[in-house]
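Read the structure below first, then the notes.
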Amino acid sequence: MGKYFGTSGIREIVNEKLTPELALKVGKALGTYLGEGKVVVGMDTRTSGEMLKGALISGLLSTGIDVIDIGLSPTPLTGFAIKLYEANAGVTITASHNPPEYNGIKVWQENGMAYTSEMENELERIIEEGKFRKASWREIGKLGFADPSKAYIEKALEMVALESSYKVVVDCGNGAGSLISPYLQRELGNKVVSLNSHISGYFVRELEPNAKSLEELAKAVKVLKADVGIAHDGDADRIGVVDDQGNFVEYEVMLSLISGYMLKKFGKGKIITTVDAGFALDNYVKPLGGEVVRVKVGDVAVAEGIIKEKAVFGGEPSGTWIMPQWNLTPDGIFAGALVLEMIDKFGSLSELAKEIPRYVTLRAKIPCSNEKKRKAMEIIAREALKSFEYKRLIDIDGVRIENDEWWILFRPSGTEPIMRITLEAHTKEKAEELMKKAKELVERAIRKA
Ligand code: MG
């Protein structure tokens, strides 16, 4: 992580740290980095979108890069447009699920996956150095406008089809998904009721899709006797789901179900997930011919894992799913179509969810200054080796130790001065016993660090 780019691109309060001046510099830096070519630029529904997009586009044009402005656009549509228009990169002006006073800049590669931290570091270096490429008057980039949403829906309908029609309630959280998710569901042949789908830049609910923020959606599904509820965050790269009984389907359960469905649809293979995902996934996909590979937290690592392992699917237990047959950009909207296809083929979500094994998950946060994190993690790694009897150790992102019946993940937060413990066990007693021991270990390590 650098001065501007955090764990998911730039994300800051507008006109405080994220100013038009910074957006201009990012545009110039990206144009300098690319040298030549074409960039797709889209934005979510925030009030500051146009202001930042204009500045960013100016920067790109000044370096001689051509720009296709796709206007209001969810992140997955930007990813789709990069390929459609054969662009060299894409940018979404979005702060994902952050509150409305935030905005952000996230850059995407030619193949649809997000810029890696190495690429972002390079952009930062160019910004700091201030040596931007300056095009002569003859070579200033050209600006065009396009709407890729029709092509997106057509392409999606080539890959997903339903036998029957369903009643679907779509809650876009007043975000950019509003422009396409309800329409795709309708084109699939469903009866669609949309909720929070007016694009004012004022958000009615919290943008992170979870059991609490989706209470209204759950109620609507019940009252309307709908078959399913689909929800998105502000840029619709994520999906949250409510079942036919009006219950929010836990992320881990949804991750298992969709992984299983992808194996049935596209054949046996690897499933990529992150180190914070539970055992339910492994146990559910194994009989279906799936093998789970864990990577670092974040959509870049998931996309890289998919490429490396030639995986069938990759998803995080935050509702961020990547379907490589479609694109390497996380896509909550296409994910919604797949959820409907799964229901169409295999039955209601409330019934399907019963197939997923449930375990006990516990989480804890322990204060730890940023300076102490590295040293504390070294001590934790060393001591965990001694104090727990485990079978496997994964140390790609924090330290995860596991047995057949439980796992514990020790991981420093990337954004807050805390150390996180996440663990899972088959029984409540075992989970509590492990947590007590894990907490003691972390507290001791922080004291010593
Ligand atoms: Mg998002």
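Key figures for this structure:
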item	result
Filter pass, Ser213 being on the phi < 0 side of the Ramachandran plot, in a loop (DSSP other than H, G, I, E, B) and open to solvent by 50 Å² or more (accessible area, probe 1.4 Å)	no
Some residue of segment 166-182 being among the charged types (D, E, K, R), within 26 Å of Pro100 (Cβ to Cβ) and at pLDDT 95 or above	yes
Looking only at segment 291-348, and only at residues there that are of a type in the set (Asp, Glu) and open to solvent by 10 Å² or more (accessible area, probe 1.4 Å), the one that is nearest to the ligand (Cβ to nearest atom)	Asp299
Residue in segment 103-118 that is free of Cβ contacts under 8 Å to residues at least 40 places away in the same chain and either part of a loop (DSSP other than H, G, I, E, B) or over 16 Å from the mean Cα position of the chain (by Cα) (or both) present	yes
Residue among Ile333, Ile343 that is part of a helix (DSSP H, G or I), out of contact with any strand residue (DSSP E or B) (no Cβ under 8 Å at 6 or more places or on another chain), closer than 30 Å to Gln245 by Cα and modelled with pLDDT of 95 or more	Ile333
Meets criteria (within 23 Å of Tyr183 (Cα to Cα) and either surrounded by 24 or more Cβ atoms within 10 Å (Cβ to Cβ) or within 15 Å of the ligand (Cβ to nearest atom) (or both)) for Ile105	no
Flag for Thr47 being out of contact with any helix residue (DSSP H, G or I) (no Cβ under 8 Å at 6 or more places or on another chain) and open to solvent by less than 60 Å² (accessible area, probe 1.4 Å)	no
When residues of segment 228-245 are limited to those that are more than 16 Å from the ligand (Cβ to nearest atom) and either open to solvent by 10 Å² or more (accessible area, probe 1.4 Å) or assigned by TED's automatic domain parsing to the domain that holds Ile105 (or both), the one nearest to Gln325 (Cα to Cα)	Asp243
Residue check for Gly234: within 16 Å of Pro357 (Cβ to Cβ) and of a type outside the set (Val, Ile, Thr)	no
So Gly42, is it of a type in the set (Gly, Ala, Ser), in a strand (DSSP E or B) and within 16 Å of the ligand (Cβ to nearest atom)	yes
Residues satisfying the stated conditions in segment 73-95, i.e. within 16 Å of the ligand (Cβ to nearest atom), among the small types (Gly, Ala, Ser) and in contact with a Lys or Arg (Cβ under 7 Å, 6 or more places away or on another chain)	Ala95
Filter result for Glu351 (away from the ligand (no atom under 16 Å from the Cβ), at pLDDT below 95, loosely packed, with under 15 Cβ neighbours inside 10 Å and outside any strand (DSSP E or B))	no
Qualifying residue in segment 267-276 (condition: open to solvent by 40 Å² or more (accessible area, probe 1.4 Å) and over 16 Å from the mean Cα position of the chain (by Cα))	yes
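The values are calculated or read from the model by the stated rules, or taken from the named source; none is laboratory data. All values derive from a computational prediction rather than experimental measurement. Glycine also receives a Cβ, built like all others from the backbone with ideal geometry; neighbour counts cover every protein chain displayed. What goes into the accessible areas is simple: the full protein's heavy atoms, side chains included, and nothing from ligands, DNA or RNA. Shrake-Rupley method; radii C 1.70, N 1.55, O 1.52, S 1.80 Å.
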